[in-house]
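All of the numbers you see were taken from the coordinates with simple rules; none came from a lab. None of the values given here were measured: they were computed from a predicted structure. Every residue, glycine as well, gets a Cβ built from its backbone with ideal geometry; the counts of neighbours run over all protein chains shown.
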Amino acid sequence: MAEPIKVVVTGAAGQIAYSLLYQIASGAVFGPNQPVYLHLLDIAPMMGVLEGVVMELADCALPLLAGVLPTAKPEEAFKDVVAAFLVGAMPRKEGMERKDLLAANVRIFKEQGQALDKVARKDVKVLVVGNPANTNALICSKYAPSIPKENFTAMTRLDQNRAQSQLAAKIGVPVQNVKNVIIWGNHSSTQFPDASNAVVNIGGAQKSVPAAINDDAYLKSTFVTTVQKRGAAVIAARKMSSALSAAKAASDHMRDWFLGSGDRWVSMGVVSDGSYGTPRDVVFSFPVTTANGKWKIVQGLTITDFARQMLDATGKELAEEKQEALDVCKD
Ligand code: NAX
């Protein structure tokens, strides 16, 4: 058996972490032969709740769980970690403007970037889930200059999984038969779920998803808005935001980053190099492939006029968020 690796989950007393911790500790992320030492970070008032989570983890009697460290101190939590799931963030409260939420959360990710810079391994892989995830990831990276910026990513995998599931249901095939659907841009309502390069396996034969669905209007409207608004639909039904599916998506993202995506494209928010005419130095979701612990943006795709408009809109939002976040950090 390999030596245990240290993995941190922030927001560890929250609802996404409640599903995520089991997935990590059961081997679904780092593989069935990799023990993990879990560092659990939350804020001081949540330490009592976190103690309950620690008890439940012990009660799972998981062979791969080498140890657990609950803490309210970022520098303790991030010490020597190889993977960081940054889930914790301030939730939107009633009457709070989007701007106020961004300001509160950007401050958290500035502080966590500084702590990672000080005590984490320089090859740590960081996945930001807490919203606004893309801009939080950018700020975290900016305040951790000793860690390569390629190591900071934001989660759009839940959007990808939602999109893949919608397409599979529409075509009438199992979800794993659909691949290469893309989420472009921000994890927000401006994101662009794009099925134009997706392929589907129907009875052993590969077909393009647009050809299989043969309904351009659906792919440009209902499909896009259903994925964009899926989070709100879950809240309306459950009275709480997506947690089980968010945790599964975070596991998928980190697993593919560590272990490789094989012949599938996956969507990840990564620091933009300007590919596809997107703004540079914002965390933009692209189709990527992963191998040997590194991601690479899929190049050479055709961008239609419709796609161009969608990419520009989400890119503009990210550039604006970046500016707002940088202004907050100056204070
Ligand atoms: P919860 O409110 O259940 O849990 C959040 C936890 O974070 C709480 O225990 C809180 O005390 C903790 N926290 C707050 N500030 C902290 C800090 N400075 N350091 C450490 N912990 C801190 O929220 P949950 O449903 O788990 O969602 C967590 C975040 O994920 C939210 O920001 C949410 O918006 C975001 N999401 C992002 C998604 C994505 O696809 N990128 C999808 C799901 C989810 O909406």
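Looking at the chain, send over the antiparallel percent of its DSSP beta bridges, to the nearest 5.
Values: 21 of 44 bridges.
Roughly 50 percent of the beta bridges in the chain run antiparallel, per DSSP.
Using 1/(1 + (r/R0)^6) with R0 = 41 angstrom and r between the beta carbons of residue 326 and residue 207, what's the FRET efficiency to the nearest 0.05? Don't jump to the answer; show the numbers that get you there.
Details: r = 45 Å, r/R0 = 1.10.
Calculated value: 0.35.
Show me the trypsin sites (Lys or Arg not before Pro) within region 1-100 that DSSP assigns to loop and that have at most 16 other Cβ atoms within 10 Å of their Cβ.
Details: sites: 6, 79, 92, 93, 98, 99; in loops: 79, 92, 93.
Answer in residue order: 92, 93.
To test your reading of the geometry: what angle, between 0 and 90 degrees and rounded to tens, separates the Cα axis of helix 98-119 from the longest principal axis of the chain?
Roughly 60 degrees, rounded to the nearest 10.
So which lysines pass the test for residue 99, namely a Cα distance under 23 Å, with those fewer than 8 places away in the same chain ruled out?
Straight-distance partners of residue 99: 110, 142, 229, 316, 322, 330.
With everything on Cα atoms, drop me the angle between helix 244-259 and the longest principal axis of the chain, reported from 0 to 90° to the nearest 10.
90
How charged is the neighbourhood of residue 279? Take every other residue with its Cβ under 13 Å from the Cβ of residue 279, and add Lys/Arg as +1 and Asp/Glu as -1. Could you put the intermediate results ahead of the total?
Values: positive: 280, 316, 322; negative: 273, 281, 312, 317, 320, 321.
Charge balance near residue 279 sits at -3.
The chain: percent of C-alpha pairs farther apart than 31 Å?
Values: 15972 of 54615 pairs.
Taking all Cα-Cα pairs of the chain, the fraction more than 31 Å apart is 29 percent.
Relative contact order (percent) for the chain, with alpha-carbon contacts under 8 angstrom and 6 or more residues of separation? Present the calculation step by step, with values, prior to reporting the outcome.
Details: 673 pairs, mean separation 55.0, N = 331.
Once divided by the residue count of the chain, the mean separation gives 17 percent.
Gap in Å between the Cα centre of region 54-85 and the Cα centre of region 265-298?
Spelled out, the Cα-based centre of one part sits 29 Å from the other.
So what J values fall out for region 261-277 if you push phi through Karplus, 6.51 cos²θ - 1.76 cosθ + 1.60 with θ = phi - 60°, rounded to Hz, Gly and Pro as x?
Working through the residues one at a time gives 9, x, 8, 9, 7, 10, 9, 9, x, 10, 5, 6, 9, x, 3, 6, x Hz.
Just need log10 I(q)/I(0) for region 5-154 at q = 0.11, 0.12, 0.14, 0.21 Å⁻¹, Debye formula, equal scatterers on the alpha-carbon atoms, no solvent, rounded to two decimals.
For region 5-154, the Cα-only Debye profile gives -0.39, -0.46, -0.63, -1.33.
Looking at the calculated P(r) for region 157-320, what percent of the C-alpha pair distances fall above 27 Å? Can you show the working numbers first?
Values: 2793 of 13366 pairs.
Value for region 157-320: 21 percent of Cα pairs lie more than 27 Å apart.
Specify the angular offset, from 0 to 90 degrees and rounded to the nearest 10, of the alpha carbon long axis of helix 305-330 from the longest principal axis of the alpha carbons in the chain.
20
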